[in-house]
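A.B. asks: Pasting a structure here, questions to come.
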Amino acid sequence: MTVTDPTANLATLIRCPSVTPAEGGALSALAAMLAPLGFAVERMTARDSDTPDVENLYARLGAEGPHLMFAGHTDVVPTGNEAAWTHGPFSAAVADGEMYGRGAVDMKGGIACFVAAVARHIERRGPPKGSLSFLITGDEEGPAINGTIKLLEWAAARGERWDACLVGEPTNPDTLGDMIKIGRRGSLSGTITVHGVQGHAAYPHLADNPVRGVVALAAALMHPPFDTGTADFQPSNLEVTTIDVGNPATNVVPAEASARFNIRFNDSWTADSVTAEILRRLDAAASDETLRPGRPPLRYDIEWIGRPSHVFLTHDERLIASLSSAVSAVTGRTPALSTTGGTSDARFIKDHCPVVEFGLVGKTMHMVDERVAIADLETLTAIYETFIERWFGDARD
């Protein structure tokens, strides 16, 4: 198998229906690409209660430092209505210079290009003077319980240490070369449940309507703004994503109402401090006498959803400069160094080594007709190959 062609690599990966948590053959296909290049490939299955088992892959070339990790995921989101696709979501069809398929940009395309870049580097210059590894999960698009975080722990327990990491997520908003992600905001989610007293809508004095309360609590979370942003991050932002009552009747005051929210917070906050601020706002709103004259404070509960994601910012100048200069050398563009967007598995990797993210243009990720320009696959492969050469060269200086 020749793996210097990113288009062929991507077609192989797309044809594996690896919708989270199914492996779908994607990790096996990747292992078959890496083994002939000299990588020692290992598969690790992670398990936890109340969540599906997930297969993951770790592969390493070399035994000495410096050690560069490439991280990503072969799992993909569901296809949606397959009949709405111009070409089958697992067909890897090429039309008008683009390859169609679920995962084309998020993020089988990035993996395909990095494999091709490594293969070209080895073919032209031999193996890097150090170590390269692939840390690939099947759980990034899912609950992220049995994926990268456990694979990192597994590898670290075996003595693996890394000097830097590149995550191949689709970071570019419009054109390849637009943006490198050097950090991410934190993320915290929760559900508020307000308790009332069910009753007849015509006799409100005998009931206690929780809808008024949940609306007031939601408003208190969204205003005033948490901050105005920092030098490296945009303002923190809390969104109430749903308000639910579950009441089919128009003449019944419900007993409960709930609201779910998510906040993306910058480096003005920690997970602990933003949690405290949320609770302070809720308690103040629940005790506001203008909302319930003559009545005791609102009764509410809050349930935190999952683990908080912590804000981080990468300061490794060698890593950032090597990647930035590679992007500029290949594309002629100077990439923005950004912390925008959602979370990624970089939030786990940053506890082990400096990490940045750079991949394809993400315009069609998670959409029907997800697709990538063939020309972009070649360009990204050239960027990755240049980055590998420069990072290992810089790391030896």
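A.B. asks: So which residues in region 4-24 are among the hydroxyl-bearing types (S, T, Y) and either more than 18 Å from the chain's Cα centre (by Cα) or modelled with pLDDT under 95 (or both), if there are any at all?
C.D. replies: T4, T7, T12 - these are the residues of region 4-24 that are among the hydroxyl-bearing types (S, T, Y) and either more than 18 Å from the chain's Cα centre (by Cα) or modelled with pLDDT under 95 (or both).
A.B. asks: Within region 308-323, can you find the residues that are in contact with a helix residue (DSSP H, G or I) (Cβ under 9 Å, 6 or more places away or on another chain) and surrounded by 15 or more Cβ atoms within 10 Å (Cβ to Cβ)?
C.D. replies: Across region 308-323, the qualifying residues are P308, S309, H310, V311, F312, T314, R318, L319, S322, L323.
A.B. asks: Could you grab the pairs with beta carbons closer than 6 Å, sequence gap of 6+ or different chains, first residue in region 61-88 and more than 25 Å from L380 (Cα to Cα), second one among the hydrophobic types (A, V, I, L, M, F, W, C) and at pLDDT 95 or above?
C.D. replies: These pairs meet every condition: P78/V19; G80/V368; A84/V368; W85/V368.
A.B. asks: Suppose we filter region 181-198 for residues that are surrounded by fewer than 22 Cβ atoms within 10 Å (Cβ to Cβ) and closer than 30 Å to T334 by Cβ; how many remain?
C.D. replies: Counting residues in region 181-198 that are surrounded by fewer than 22 Cβ atoms within 10 Å (Cβ to Cβ) and closer than 30 Å to T334 by Cβ gives 1.
A.B. asks: Picking from K150, K108, K129, which residue would you name as being over 22 Å from C353 (Cα atoms) and charged (D, E, K, R)?
C.D. replies: Checking each option against the conditions leaves just K108.
A.B. asks: If you check every pair at least six apart or on different chains, which have Cβ atoms under 8 Å apart with a residue in region 21-35 that is assigned by TED's automatic domain parsing to the domain that holds S91 and more than 14 Å from S133 (Cβ to Cβ) first and a residue that is of a type in the set (V, I, T) and assigned to a helix (DSSP H, G or I) second?
C.D. replies: A29/T12; M33/T12; M33/V115
A.B. asks: Among all residue pairs at least 6 apart or on different chains, which show Cβ distances below 7 Å where the first residue, located in region 266-287, is touching a residue at least 24 places away in the same chain (Cβ under 8 Å) and within 11 Å of S236 (Cβ to Cβ) and the second is surrounded by 12 or more Cβ atoms within 10 Å (Cβ to Cβ) and of a type in the set (D, E, K, R)?
C.D. replies: Pairs found: N266/R185; N266/D227; D267/D232; S268/D227.
A.B. asks: A further question follows. Going residue by residue through region 221-231, is there one that turns out to be part of a strand (DSSP E or B) and not aromatic (F, W, Y)?
C.D. replies: Looking for residues that are part of a strand (DSSP E or B) and not aromatic (F, W, Y), one finds none in region 221-231, hence no.
A.B. asks: Here is a follow-up. Among the residues in region 216-228, are any within 30 Å of I320 (Cα to Cα) and touching a residue at least 12 places away in the same chain (Cβ under 8 Å)?
C.D. replies: yes
A.B. asks: Let me ask something else. Quick one: T290 ticks every box in (1) over 33 Å from the mean Cα position of the chain (by Cα); (2) part of a helix (DSSP H, G or I); (3) of a type outside the set (K, R) bar one, so which box is it?
C.D. replies: Unmet condition: (2).
A.B. asks: Do we find a residue being in contact with a Cys (Cβ under 7 Å, 6 or more places away or on another chain), small (G, A, S) and outside any loop (DSSP other than H, G, I, E, B) anywhere in region 64-72?
C.D. replies: Checked region 64-72: at least one residue is in contact with a Cys (Cβ under 7 Å, 6 or more places away or on another chain), small (G, A, S) and outside any loop (DSSP other than H, G, I, E, B).
A.B. asks: Let me ask something else about it. Among the aliphatic types (A, V, I, L, M), free of Cβ contacts under 8 Å to residues at least 12 places away in the same chain, more than 30 Å from H352 (Cβ to Cβ) and assigned by TED's automatic domain parsing to the domain that holds P127, is that true of A11?
C.D. replies: Against the criterion (among the aliphatic types (A, V, I, L, M), free of Cβ contacts under 8 Å to residues at least 12 places away in the same chain, more than 30 Å from H352 (Cβ to Cβ) and assigned by TED's automatic domain parsing to the domain that holds P127), A11 does not qualify.
A.B. asks: Name the single residue that is nearest to the chain's Cα centre (by Cα) among those in region 301-352 being closer than 14 Å to G186 by Cβ and hydroxyl-bearing (S, T, Y).
C.D. replies: S344
A.B. asks: Restricting attention to region 186-231, and to residues there that are modelled with pLDDT under 95 and of a type in the set (D, E, K, R), which single residue is nearest to the chain's Cα centre (by Cα)?
C.D. replies: R212
A.B. asks: Looking only at region 25-51, which residues are outside any helix (DSSP H, G or I), modelled with pLDDT of 95 or more and of a type outside the set (D, E, K, R)?
C.D. replies: The answer is G25, G38, F39, A40, V41, M44, T45, A46.
A.B. asks: Return a yes/no flag: does region 115-126 have any residue that is free of Cβ contacts under 8 Å to residues at least 12 places away in the same chain and on the phi > 0 side of the Ramachandran plot.
C.D. replies: yes
A.B. asks: Any idea which of (1) under 14 Å from W304 (Cβ atoms); (2) outside any strand (DSSP E or B); (3) not charged (D, E, K, R) is the one A249 doesn't satisfy?
C.D. replies: It is condition (1) that A249 fails.
Okay, residues lined up against (1) in the same structural domain as G168 (by TED's automatic domain parsing); (2) aliphatic (A, V, I, L, M); (3) out of contact with any helix residue (DSSP H, G or I) (no Cβ under 8 Å at 6 or more places or on another chain); (4) surrounded by 12 or more Cβ atoms within 10 Å (Cβ to Cβ):
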residue: R264; (1), (2), (3), (4): no, no, yes, yes
residue: S273; (1), (2), (3), (4): no, no, yes, no
residue: L282; (1), (2), (3), (4): no, yes, no, yes
residue: A285; (1), (2), (3), (4): no, yes, no, yes
residue: E289; (1), (2), (3), (4): no, no, yes, no
residue: P297; (1), (2), (3), (4): no, no, no, yes
residue: S325; (1), (2), (3), (4): yes, no, no, yes
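The values are calculated or read from the model by the stated rules, or taken from the named source; none is laboratory data. In this text the structure is predicted, and so the values were computed from the model without any measurement. Note: ideal-geometry Cβ built from the backbone for every residue, glycine included; neighbour counts use all protein chains shown.
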